[in-house]
1. In whole Hz, with x marking every Gly and Pro, tabulate ³J(HN,Hα) for segment 175-191 from phi via Karplus 6.51 cos²θ - 1.76 cosθ + 1.60, θ = phi - 60°.
2. Using a 10 Å cut-off on Cβ atoms, rank the peptides 103-111, 391-399, 370-378, 157-165 from the highest mean neighbour count down.
3. Taking amide hydrogens as modeled 1.01 Å from N in the peptide plane, which residues meet the under 5 Å criterion relative to residue 460, leaving out close sequence neighbours?
4. For segment 228-306, just list the percent of Cα-Cα distances falling in each 5 Å bin from zero outward, please.
5. Pull up all non-local amide H partners of residue 41: gap of 5 or more, or a different chain, and H-to-H distance under 5 Å with H placed in the peptide plane.
6. With θ set to phi - 60°, apply the Karplus curve 6.51 cos²θ - 1.76 cosθ + 1.60 along segment 254-265 and write out the HN-Hα couplings as whole Hz, x wherever there is a Gly or Pro.
7. Mind pulling the angle between the C-alpha long axis of helix 71-82 and the longest principal axis of the chain? Nearest 10 degrees, somewhere in 0 to 90.
8. Among DSSP bridges having both ends in the chain, what percentage is antiparallel? Round to the nearest 5.
Amino acid sequence: METAIIKERQTRKFKDVAYFRSEETYTLLPFRFHRMPDGREILVNEIGDYMVVPSGTTARIINREINNNDPEDAVLYEDLVAAFFIAEQAVPDLLEVMATRYRTKKSFLDSFTSLHIFVISLRCEHTCHYCQVSRVTSDKNKFDMSRVHIDAGIDMMMRSPARQLTMEFQGGEALLAFDNIIYAVEKAKVAGEQHNKQITYVICTNLAPLTDDMLVYCKENNILISTSLDGPVYVHDKNRHKPDASSYRLAVDGIHRCREILGEENVSALTTTTRLSLDYPIEIVDEYVALGFRNIFLRPISPYGFATKSVNKNKYETSRFLEFYKTALQRIIRHNLDGYFIREDYTAIILKKLLTPFPVGYVDLQSPAGLINSVIVFNYDGAIYASDEARMLAEMKDFTFRLGTLGETSYEEVFYGEKAQIISEAMLNESLPGCSECAFQSYCGADPVFNYATQGDMYGFRPDNAFCQRNMELIQYIITLMEDDKQVEKIFRSWITGKS
């Protein structure tokens, strides 16, 4: 009896196969749904098309109650057919179109690993309380990446099948080892020509050590600058402390100098949301507008490395970040309505997934996950990590995601070895418990490192997973904003087309 009950529970949600072969009416195509707080339902099919429909529509579709001959259902019926939720034949006429679109969504896999992060130095002259690595003071040269490891990293980068590569220099403070950046760029330029690779160079820096000579070299070699700006001076200086100086003033002065020499489009800034930041969503957005930025990236604090030691300053509930994010997003929308074009980058990434058939390069929202597939990290000591977050986790003496050592571990061992295979089992949200049935699966990603760091295993537990909670709420919120206000939808579409 007990066996029979278990068997019934395992199969009770599946109907007999004959139900799906019915020729009396339309055929169901794969889709998932989510019920919104107001009762409406969001339908999402296998290729990422979505529809917002009245409460109860999902049940009517599944029970084949949508009647094309009924005037009240005719428009809905045609929309469902056109958007690949149902088909009038067992094998849809446009099946190849669906397959092409699905391949396009996953085409980020074609080039494999394109982003290669070189942690060129662990040295830093800031003492940011949310720093994710145990930075060291600026006089400890042994924490610079050796040129032997730089050479080995470039050799491995050239093995990537991607034709377009990004070589990103991080720290610590990368500019403290600018001589090694020059060495790496010059070596990479030669190697790139030999292997027919196009390389984009990026330096992540707080801009404090910036000199005119550095700017000239960056100009000559088309090097992009990525910096940090956490908001107004009273937020930035507390978040990103620098002894005996205002890190805000150094950052802003550096931004102006970079724009003057490199051009506005070659300088970007990121904000990290600390507990202090949560109180100033409007002020942070307004600071970016006042400084002439056309984009802002609102990021939560990362639960890795040194940042976890300052719990009082860094830890907060996901609900608080969501409140901050929504308030900031409304302020950004207001600026757009008032005629100033500025986009929020995380929303823009989600919008591209919602509104276009194209893949995104943002590794956190990829399935299979972006670690290894899209990004690899070469640490200052030669250690190879599956992602930047994996490197941060190693600062807590947890080397679960360490893949090898430059100059010692082969390309095949790093990317196809046993460790990579173990990680890859948790990299596909289509097969993860909770994700496999989620309506927002097409728009989200898999993050084994985050799951491991916050919940103890690479697979994670969706009901209390912060990554899941954050993305589910934001995706639903973005869809709701577009559905309820066509002006907002027009603004959002301009964020992915670049046309205001």
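Bear in mind that the values in this text are calculations on the coordinates, not laboratory data. All values reported here derive from a predicted model rather than from experimental measurement. Using ideal geometry, Cβ is built from the backbone for each residue, glycine included, and neighbour counts are taken over all protein chains shown.
1. Running phi through 6.51 cos²θ - 1.76 cosθ + 1.60 with θ = phi - 60° gives 5, 5, 10, 5, 4, 6, 5, 4, 4, 5, 5, 5, 5, 5, 4, 5, 5 Hz.
2. Details: 103-111: 14.3, 391-399: 18.3, 370-378: 25.2, 157-165: 16.3.
Listed from highest to lowest mean packing, they are 370-378, 391-399, 157-165, 103-111.
3. The answer is none.
4. 3, 15, 26, 25, 18, 10, 3, 0
5. Amide H neighbours of residue 41, under 5 Å, 5+ apart: 36, 53, 55.
6. x, 4, 4, 5, 5, 4, 5, 8, 9, x, 4, 5
7. Rounded to the nearest ten degrees, it is 50.
8. On the way: 18 of 48 bridges.
If I count the DSSP bridges inside the chain, around 40 percent turn out antiparallel.
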